[in-house]
Amino acid sequence: MIQSNIDLRPYNTFGVSVTARYFVDIQTPDQFSKLMQDPIFQNTANKLFLGGGSNLLLTQDFDGLVIHNSIDTMRIISLDGDTMKVMVGGGVIRHDFVMRAAERSRRGAENLALIPGTVGAAPVQNIGAYGVEVKDVITSVKGFDLTTRDIRALNPIECHFGYRDSVFKHELKDKFFITHVTFQLSKNPSPRLEYKGLEDLQSKAWLTPMDVAQRVIEVRQSKLPDRHEIGTAGSFFRNPTISQSEYEKLLGEYGDLVWREIHDGPNGLNGWKRPNSYKLSAAQLIELAGYPRGTRVGDAGNYDHHALVLVNHGSATGAEVWSFAQDIIRAVKEKFGVVLEAEVNVV
Ligand SMILES: Cc1cc2nc3c(=O)[nH]c(=O)nc-3n(C[C@H](O)[C@H](O)[C@H](O)COP(=O)(O)OP(=O)(O)OC[C@H]3O[C@@H](n4cnc5c(N)ncnc54)[C@H](O)[C@@H]3O)c2cc1C
């Protein structure tokens, strides 16, 4: 069942070609249990869990074991009044799940339509779009803990979800293979429509989750590259968060910067909340630092319509894309003193 020397080009949306020393496709949790007994598994320290490869930049051959998730199941586990809990296999294409829920008039996940990748990878970076993060609809994440070799389920608090972040990027990085995610969906309308491109739907008297999903698809298709035509992993960097004092200094110098207040702290007097940090637009910083949309170095570059989206125009290697990304990090740091962090997993 374990294969050797596999080209990972078909398994990553940047479309870069690197070789994995070992590769295995997992279709059931049982297969994963058996895999744990295999000497190759036990003697290979380097392991990479792989879903759709849409949040990965592979910069070199992988001298280890790639474990590809193809667990493809969907099961309703409870129906209680207006809410439904559904347990979905980690290898299910997330967009398929979102659309199936919308078809059945179940609400909660429709704003996440068309985000590439698998259900199993969704909690890893707490994917989000159009005002919704996947944590809003997750009730549990189940998988194999490689340290204890047990199957266990984590509740949302144990997942430590944050902005494009979770425990699976830190303490449990490469140590917890997600087999299933349980979602809670509702029949009650509470659509999130405050984002640009969706606001006009607010005036509709009756709106189905499918209406919202279709609009999200239209907006995404108009803005983002089609990953079947151009190599990409979507937004490459997180939008950086800076402190109050950094914000005051920067805004003094660059009055045009786009920013958003973050209120993580407790309410003050009369419920007034003082912002404790500020989120900047990484795309704007990148453009102002000398990397406007459509910049290109060889076949690596950023997308014509969005500076935050790095692309492979054809034959760039992962190392070339990463070198382009590092040039951007340096330029932004030099101009604004802000350090951009990759949202994409660089391997
Ligand atoms: C065109 C485009 C648009 C995008 N838009 C968005 C967006 O709007 N919002 C957003 O949040 N993201 C977006 N992304 C990023 C990406 O789609 C998400 O991060 C997605 O969740 C990645 O899923 P995947 O299955 O491809 O994960 P992979 O790239 O295969 O893996 C991502 C990470 O998760 C780990 N992982 C994968 N499967 C498992 C598992 N079963 N158990 C444990 N760890 C695992 C991997 O080791 C890796 O660290 C976009 C990407 C593209 C290409």
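Some observations on this one:
- Residue match in the stretch 73-80 (condition: open to solvent by less than 20 Å² (accessible area, probe 1.4 Å) and among the polar types (S, T, N, Q)): no
- Subset tally (residues that are open to solvent by 40 Å² or more (accessible area, probe 1.4 Å), closer than 18 Å to residue 124 by Cα and of a type in the set (A, V, I, L, M)) for the stretch 25-72: 0
- Flag if residue 91 is within 10 Å of the ligand (Cβ to nearest atom), buried (at least 18 other Cβ atoms within 10 Å of the Cβ) and more than 16 Å from the chain's Cα centre (by Cα): no
- Among residues of the stretch 319-347, those that are aliphatic (A, V, I, L, M), buried (at least 16 other Cβ atoms within 10 Å of the Cβ) and either within 16 Å of the ligand (Cβ to nearest atom) or closer than 15 Å to residue 13 by Cβ (or both), counted: 5
- Scope the stretch 290-318; condition open to solvent by less than 50 Å² (accessible area, probe 1.4 Å) and outside any loop (DSSP other than H, G, I, E, B); matching residues: 300, 301, 302, 303, 307, 308, 309, 310, 311, 312, 318
- Verdict on residue 224 being closer than 26 Å to residue 281 by Cα, away from the ligand (no atom under 15 Å from the Cβ) and touching a residue at least 12 places away in the same chain (Cβ under 8 Å): no
- Flag for residue 102 being in contact with a Lys or Arg (Cβ under 8 Å, 6 or more places away or on another chain) and either open to solvent by less than 70 Å² (accessible area, probe 1.4 Å) or within 12 Å of the ligand (Cβ to nearest atom) (or both): no
- The set of residues from the stretch 1-20 being away from the ligand (no atom under 16 Å from the Cβ) and open to solvent by 80 Å² or more (accessible area, probe 1.4 Å) comprises 1, 3, 5.
The values are calculated or read from the model by the stated rules, or taken from the named source; none is laboratory data. Small disclaimer: the values here were computed from a predicted structure and weren't measured. We place every Cβ from the backbone using ideal geometry, glycine too, and count neighbours over all the protein chains shown. Please note that ligands, DNA and RNA were not included when accessible areas were found on the heavy atoms of the full protein model with its side chains. Shrake-Rupley method; radii C 1.70, N 1.55, O 1.52, S 1.80 Å.
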